[in-house]
Amino acid sequence: IAQSVGGEETHEYFDYVIVGNGHNSIPYCATDRLKNLEAFKGKTIHSHNFRDAHSDEYKGKNILIIGSKWSGMDMLFQFLGAKDESKMTDFNTITVAQGHFGFLHKSSNFKKYKDEGKVIIKSGDNITFTEDKVKFEDGTEQSIDVVIFCTGYQYKFPFLKDDSIIKIEHNGQYFGPLYKRIFSINEPTLIFIGLC
């Protein structure tokens, strides 16, 4: 490892290097399957930058959550007030776009809100935007004011200069090769923790 201290470069050598830099700092906005997003005039935000479901910017709004895994479900629960309905945000509707493999439509946790039309579940990957609407794969359209991307994060290792050790692929969504998602195959003395 080389580092510069007070203008003087020093080198240190180690038998093993453990990388624990995390992976929840560089948002990934899955825009590759979204058509015409640049035409949308409303607010777009990644869950990484989201702070408060009770903010005035969400009151009375039609919200589109893209993604229904961990951060998407967390986002939905924040707007619905989890188990305390008195803490529910005063939004108009929330539409969750979950791709083809989501199971949110089978969940009974949101049945009441789905029956009331407050929560709408959409499956499919292709979404087309206009200035204030989205058209889903099934042909239906929905007025939207806010888009919240709950689409995960990118892996980044700017301190690894040699691409032959670790390859980052699929828009930063995959890196490897690793044995047991920990040990670098190409450099066995390089160990990654906390990234699974």
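For the reader, a short list of remarks on this structure follows.
- Exclusive hit being among the hydroxyl-bearing types (Ser, Thr, Tyr) and under 30 Å from residue 38 (Cβ atoms), set 164, 184, 143: 143
- Qualifying residue in the range 38-49 (condition: among the small types (Gly, Ala, Ser) and under 18 Å from the mean Cα position of the chain (by Cα)): yes
So that you can scan it fast, the table gives a plain yes or no per residue for (1) closer than 21 Å to residue 157 by Cβ; (2) surrounded by fewer than 18 Cβ atoms within 10 Å (Cβ to Cβ); (3) not assigned by TED's automatic domain parsing to the domain that holds residue 121:
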{"position": "29", "(1), (2), (3)": "yes, no, yes"}
{"position": "45", "(1), (2), (3)": "no, yes, no"}
{"position": "50", "(1), (2), (3)": "no, yes, no"}
{"position": "53", "(1), (2), (3)": "no, no, no"}
{"position": "56", "(1), (2), (3)": "no, yes, no"}
{"position": "65", "(1), (2), (3)": "no, no, no"}
{"position": "79", "(1), (2), (3)": "no, no, no"}
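- Per-region count, the range 22-37, residues part of a loop (DSSP other than H, G, I, E, B) and within 16 Å of residue 64 (Cβ to Cβ): 5
- So residue 189, is it within 22 Å of residue 40 (Cβ to Cβ) and either in the same structural domain as residue 39 (by TED's automatic domain parsing) or at pLDDT 90 or above (or both): no
- Qualifying residue in the range 15-23 (condition: surrounded by fewer than 15 Cβ atoms within 10 Å (Cβ to Cβ), of a type in the set (Phe, Trp, Tyr), more than 15 Å from the chain's Cα centre (by Cα) and modelled with pLDDT under 90): no
- Which numbered condition residue 45 fails, given (1) at pLDDT 90 or above; (2) assigned to a loop (DSSP other than H, G, I, E, B): (2)
- Search result, residues across the range 48-82 that are of a type in the set (A, V, I, L, M) and modelled with pLDDT of 90 or more: 63, 64, 65, 66
The values are calculated or read from the model by the stated rules, or taken from the named source; none is laboratory data. Being a predicted model, the structure only gives us computed values, none of them experimental. Glycine also receives a Cβ, built like all others from the backbone with ideal geometry; neighbour counts cover every protein chain displayed.
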